[in-house]
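Working notes, structure below.
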Amino acid sequence: MRQIVKIWILVAVMVMGGALPPQVTGDNGITAQWCAQAKSKKKSKKDKKKKNKSRESKKSRESSAPVTSLASVPSIGKTNTATIVPQQTTNALLAVTIPKGVSNQVLNYQAIRVNYNPSLRIPNCVAYELTATMVAMADAPGHEVRKNYNYAKDSNVKTCPENWEYRGSGYSRGHMAPAMDMRWDKTAMKECFYMTNMCPQDTKLNNDHWRVLEERVHRWAKRDKRIMVYTGPIMGKKPKMIGKDKQNIAVPEAFFKVLYAPEQGRSIAFIYPNSPSPGSISKYAVTVAEVERRTGIKFSSAIPKQQCTVTDWE
C-alpha cells in the first residue's frame, strides 16, 4: 500500500510540474501536507492565468472603443492636422486668377493661400477654407490667444514690409485672413500675423464694421460646415503710399470679401470703402461679378456670380 501511495505522489508531481517533496514516505501526515501545498500552487497558477486573461480583455475593449469627442485629439500641429485642416494648397476652389500685368507671388501657408503683390507690398487676395470644426476649435476653451502673437516680417519674401513701417501712418495693420479664424492652431495663428497678410486699413473700419463682417463669416462657417473665404484690396488709379520713405506700401481704396458655401451652392460678396463704414452688412453686399469687375481677379467657375442677398445667409 505504501508503494502505491509513493507512485501516486510521483505521478501527481509530474502532472503539476512541481518539485518532489523533501521526502516521500508512507507517513500520512507528510503526504497530506504536501498534497495540500501542491493543490494550493495549482490554484494560484489558475488564478494568475485568469487575471492575465481579464487584463488582456479589458485592454482590447479600450483599444477598440470609438473616439466620440473632439477633446480626445491630443494636440493640433503641422504633422497631425490632415483630418482637421483642408488642403489649402491643392483646393481648386481657392485658386484665383490675377490679372495680367499685376505683380503676384503665391505663398502657401498652413491655413491660408496668399497672392502677394511684391510691387505694392500688400496681398492681391488671401484665400482659405474655414470649416465648422476649425471654428469650434477656435472658439473652444484653450484656443490660441491673439495677444501672444506679434506682427512679423515673412523672411521668405524680399519685399515683405516690416512691422514698424506702418507706425505713424494713421492706418492699422489690417488682417485679410482674420486671427479669430486661425485660433485653432499655433502655426496658423503665427502665419496669419505675417505682414504679407496685411493691408493698410482705416482703424475705425478695422475695429468696427469690418470686424462685424468677420464675426458673421465665422458664425456662418460653423452653420454651413465649410465656407471658402477670399479677401483683398481694391486699388485706386493713384493709391496713397506709406512705409519706408512714405512711398513703398500701397493704401487700398476699398476692400472686398467673397464667400462661397459649397454644400449649399450659395455665394455672396461685400465691398467696404477704406474708411469708417457705418450701417448693416446688407448695405455693402454685392455680387461676385462686381468684385471681379472692380479688381480684375477671376474666381472659380463653380462660384455663382450673381447672388448677393444677405437674407439667404442669415
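The values are calculated or read from the model by the stated rules, or taken from the named source; none is laboratory data. Predicted, not measured: the structure shown is a model, and the values here were computed from it. Virtual Cβ from ideal backbone geometry, glycine too; neighbours counted across all protein chains shown.
Enumerate the strands (runs of 3 or more DSSP E) found wholly within segment 217-314, keeping only those where 1 or more residues are more than 30 Å from the chain's Cα centre (by Cα) and either surrounded by fewer than 19 Cβ atoms within 10 Å (Cβ to Cβ) or outside the structural domain of residue 127 (by TED's automatic domain parsing) (or both). Show your work before the answer.
Working: elements: 226-234, 254-261, 266-273.
Filter on segment 217-314 gives 266-273.
Being small (Gly, Ala, Ser), surrounded by fewer than 19 Cβ atoms within 10 Å (Cβ to Cβ) and over 26 Å from residue 276 (Cα atoms), is that true of even one residue in segment 151-168? It would help to see each step written out before you state the result.
Going through segment 151-168, the residues small (Gly, Ala, Ser) turn out to be 152, 155, 168.
Restricting the remaining residues to those that are surrounded by fewer than 19 Cβ atoms within 10 Å (Cβ to Cβ) gives 152, 155, 168.
Filter again for over 26 Å from residue 276 (Cα atoms), leaving 152, 155.
Yes, there is a match, as at least one residue in segment 151-168 is small (Gly, Ala, Ser), surrounded by fewer than 19 Cβ atoms within 10 Å (Cβ to Cβ) and over 26 Å from residue 276 (Cα atoms).
Any idea which of 130, 93 is crowded, with 17+ Cβ neighbours inside 10 Å and modelled with pLDDT under 95? Step through it out loud before you land on a result.
Numbers: 130 fails: modelled with pLDDT under 95.
Answer to the check: 93.
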